[in-house]
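Enquirer: Please see the structure below; I have some questions.
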């Protein structure tokens with residue numbers, strides 16, 4: 001995939017306009033899947049070198065990777081830091097890793113970099129959405145519907161029932 005970091009081409013008439021906040025980069029054309037729950041947060045699937053470059057050009061300051069090393073196809077940490085962004089990795093392989101200790105670590109990362117434009121990713125956005133929903137329910141005291149909606153806005157899909165069941169258990 002070749003990355004054109006110039007503003008959106010005039011031939012992309014049906015494409016969403018590139019955000020001013022993203023320095024003219026249309027991240028929805030670069031990242032798959034792509035969720036934008038708010039202006040400072042991007043949730044996406046697995047990265048590669050060109051996606052890391054696009055995120056850097058778009059002004060992302062922090063990349064949070066929820067993939068374990070065995071799911072990565074390149075040295076993501078090195079690529080992100082070389083591109084001038086902060087990098088944090090919190091491996092969540094699946095439902096078995098959606099434990100309160102990991103969600104506390106996730107919350108700590110988000111608090112440490114509060115206010116930074118952040119790209120949060122896993123393989124598909126599903127684990128990212130699960131972590132967001134559990135954080136909202138367990139640590140922020142949000143009601144079930146609110147926590148689940150927050151997770152869905154961040155990519156929660158296949159782990160939805162698992163997250164729902166975990167939120168039923170008081171923490």
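Enquirer: Looking at 24, 59, which is the one that is out of contact with any strand residue (DSSP E or B) (no Cβ under 8 Å at 6 or more places or on another chain), on the phi > 0 side of the Ramachandran plot, surrounded by fewer than 16 Cβ atoms within 10 Å (Cβ to Cβ) and in contact (Cβ under 8 Å) with a residue 24 or more places away in the chain?
Expert: Values: 24 fails: in contact (Cβ under 8 Å) with a residue 24 or more places away in the chain.
Residue meeting the stated conditions: 59.
Enquirer: Taking residue 99 as the residue in question, decide whether it is surrounded by fewer than 23 Cβ atoms within 10 Å (Cβ to Cβ) and farther than 30 Å from residue 165 by Cβ. Full working, then the answer.
Expert: Details: surrounded by fewer than 23 Cβ atoms within 10 Å (Cβ to Cβ): yes; farther than 30 Å from residue 165 by Cβ: no.
Spelling it out, it is not the case that residue 99 is surrounded by fewer than 23 Cβ atoms within 10 Å (Cβ to Cβ) and farther than 30 Å from residue 165 by Cβ.
Enquirer: Which residues, counting only those in the range 31-48, are surrounded by fewer than 16 Cβ atoms within 10 Å (Cβ to Cβ) and either in contact with a helix residue (DSSP H, G or I) (Cβ under 7 Å, 6 or more places away or on another chain) or without any contact (Cβ under 8 Å) to a residue 40 or more places away in the chain (or both)?
Expert: Within the range 31-48, 32, 38, 39 qualify.
Enquirer: From 84, 141, 115, which residue is at pLDDT below 95, surrounded by fewer than 14 Cβ atoms within 10 Å (Cβ to Cβ), on the phi > 0 side of the Ramachandran plot and not in a helix (DSSP H, G or I)? Break it down stepwise before answering.
Expert: Working: 84 fails: at pLDDT below 95; 115 fails: at pLDDT below 95.
Answer to the check: 141.
Enquirer: Return yes when residue 105 is at pLDDT 95 or above, under 17 Å from residue 128 (Cβ atoms) and part of a loop (DSSP other than H, G, I, E, B) and no when it is not. So that I can check it myself, show each step before the final result.
Expert: Numbers: at pLDDT 95 or above: yes; under 17 Å from residue 128 (Cβ atoms): yes; part of a loop (DSSP other than H, G, I, E, B): no.
Spelling it out, it is not the case that residue 105 is at pLDDT 95 or above, under 17 Å from residue 128 (Cβ atoms) and part of a loop (DSSP other than H, G, I, E, B).
Enquirer: Go through (1) closer than 21 Å to residue 150 by Cα; (2) part of a helix (DSSP H, G or I) and name the single condition residue 42 misses.
Expert: Of everything listed in (1) closer than 21 Å to residue 150 by Cα; (2) part of a helix (DSSP H, G or I), residue 42 misses just condition (2).
The values are calculated or read from the model by the stated rules, or taken from the named source; none is laboratory data. Source: prediction; values computed, not measured. Here Cβ is always computed from backbone atoms with ideal geometry, including for glycine, and neighbour counts include all displayed protein chains.
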